[in-house]
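The structure appears right after this line, and notes come after that.
Only the coordinates and a few stated rules stand behind these numbers; no lab work does. All values derive from a computational prediction rather than experimental measurement. Here Cβ is always computed from backbone atoms with ideal geometry, including for glycine, and neighbour counts include all displayed protein chains.
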Amino acid sequence: MVAVAVFFVTYLGFALTRNVAFIGLLFALYGLYQGIFRSVGKALASDYVHDSLHAGAIGWYNTTIGVFGLMASPLAGWLWDHRAHASVFLLGAVFAVVGTIALLVLVPAPVKRQSAG
């Protein structure tokens with residue numbers, strides 16, 4: 001959830017500011033988002049499968065991220081060229097909220113495992 005919050009703030013900031021120093025800070029925040037999202041996303045993907053399927057779950061996770069990235073890029077390019085740069089980042093911020101809601105609604109809470117002891 002922290003990663004999505006950082007993403008939302010970063011994209012909203014990119015959409016609303018033209019201050020060069022603030023944009024530099026936003027790039028640093030975006031790097032933080034990438035660091036959190038890449039590792040936590042893979043861990044989340046492997047949490048919901050049997051131990052023998054971890055590699056496959058991570059593979060499907062990366063495939064899903066890649067396919068949606070391929071679909072998002074032409075849309076972002078079109079928005080950038082035909083609307084404004086801010087529309088790309090506002091749409092990203094909206095999808096961060098939609099994704100967070102979907103995560104909360106669709107993904108069950110992890111079951112706490114008891115240690116054998």
| Where nothing but the Cβ of Lys and Arg (+1) and of Asp and Glu (-1) is charged, how large is the charge dipole of the chain around its Cα centre, in debye to the nearest 20? | 140 debye
| remark: segment 7-54: Kirkwood hydrodynamic radius (Cα pairs, Å) comes out at 12.4 Å
| request: Would you mind computing Rg(Cα) / (2.2 N^0.38 Å) for the chain, counting N as its residues? | output: 1.26
| message | In 5 Å bins starting at zero, report the fraction of Cα pairs in segment 41-96 per bin as a rounded %. | response | 4, 19, 19, 16, 12, 11, 10, 6, 3, 1
